[in-house]
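Heads up: the structure comes next, in structure tokens.
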Amino acid sequence: MILLDGKALAAEIHQELRAEVARLGQRGIRPHIALLLVGDNPASLSYVRSKSRACEHVGIRSTVLHLPAETTHEEVLGIVQRWNADPDIHGILVQLPLPPHVNADDILQTIDPQKDVDGFHPVNVGRLVLGLPTLVPCTPAGIVELLRRYRQSVRGKHVVVVGRSNIVGKPIANLLVQKAEWADAVVTICHSAAADLRALTRNADVLIVAIGRAGFITGDDVRDGAVVVDVGINRIEDPSSPKGYRIVGDVEWASVAPKASAITPVPGGVGPMTIAMLLRNTVIAAEGNAWQKPLFQ
Ligand code: GUN
């Protein structure tokens, strides 16, 4: 069984990006990302801190604005508009979820698409579906990069995606059906409403799970020799851990790992790759290449 070590790969990518950032520095450009966090969701707080720390680690400037949960929709909109107009800011990230009184769709549609390092703006979603150069959402981009660097080709294979979110399920499916050397898969998207989910997942050569439920996929759901990509990051109570919780994926490791030919661990699989791709998108945006750079080279 091959362990798809996202943490190690992300460290390699950080090195590559550090060199790229140094080259940009010689042209007088310092990539700069602005991150907005509204409210005190503990997971979001932790993600934003990790993202900001990783940026600084490769020489990308990061500005974090942390606002109270009561911040109004208009205030959030105003901040995004200010960042859009600031030539010193190359990338904008609004951490989701936003509080219910803030219309997330409206906010995401306000971000300048060429600064949209999450790739969530409808224009960038459309460009991705059409196979045009764009800023690719970070988790899907991280999955493609992880599979490529471990030489796990999806070409001609049946990829089953469990989960249909705009952040992971839909964009990864749209990437992997592209006509391209790094894609060319046959893709099924399934979700919680499937009449017989197990019949679908057992058909997967490559199973990508992003449903957000701890241990949702077990050994009985997986074909022998499948490649398994676990996107889940779930906190479960664990009194024996110093923090009182631990992080587990959407895949039950004990029953699935022995059947898989390759599998991502949680933590240390897809998560670090997501952050590495955010850094890459920020560098691409700073180079002015948001709509120039081919999806994958
Ligand atoms: N919340 C969960 N995942 C993400 C992500 O990739 N980007 C943002 N902005 N928020 C998220």
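The values are calculated or read from the model by the stated rules, or taken from the named source; none is laboratory data. Because the structure is a prediction, the values reported are computed rather than measured. All Cβ positions, glycine included, derive from the backbone under ideal geometry; neighbour counts span all protein chains shown. Just the protein is used for accessible areas: all its heavy atoms, side chains included, with ligands, DNA and RNA removed. Shrake-Rupley method; radii C 1.70, N 1.55, O 1.52, S 1.80 Å.
At a glance:
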{"item": "Rounded accessible area per residue of the chain, 1.4 Å, Å²", "result": "45"}
{"item": "FRET efficiency, Asn289 to Glu75 (Cβ-Cβ, R0 25 Å, nearest 0.05)", "result": "0.20"}
{"item": "Heavy-atom accessible surface of the chain: percent carbon and sulfur, 1.4 Å", "result": "52"}
{"item": "Pair Leu130, Ala180: separation of 7 Å Cα→Cβ label points (nm)", "result": "1.5"}
{"item": "Per-selection Kirkwood Rh - the chain (Cα, Å, 1 d.p.)", "result": "19.7"}
{"item": "Selection of trypsin sites (Lys or Arg not before Pro), region 1-47, meeting DSSP coil and at most 14 other Cβ within 10 Å", "result": "Arg27"}
{"item": "Accessible surface of Cys190 - all protein chains present, 1.4 Å probe, nearest 10 Å²", "result": "0"}
{"item": "Size of electric dipole in region 122-180: Cβ of Lys, Arg +1 and of Asp, Glu -1, about Cα centre, debye, nearest 20", "result": "200"}
{"item": "Taking all pairs of distinct alpha-carbon atoms in region 246-290, Kirkwood radius in angstrom", "result": "12.6"}
{"item": "Calculated FRET value between Leu65 and Arg235, using beta carbons and R₀ = 25 Å, to 0.05", "result": "0.50"}
{"item": "Fraction in percent of alpha-carbon pairs per bin - 5 Å, region 62-196", "result": "2, 9, 17, 19, 16, 13, 11, 7, 4, 1, 0"}
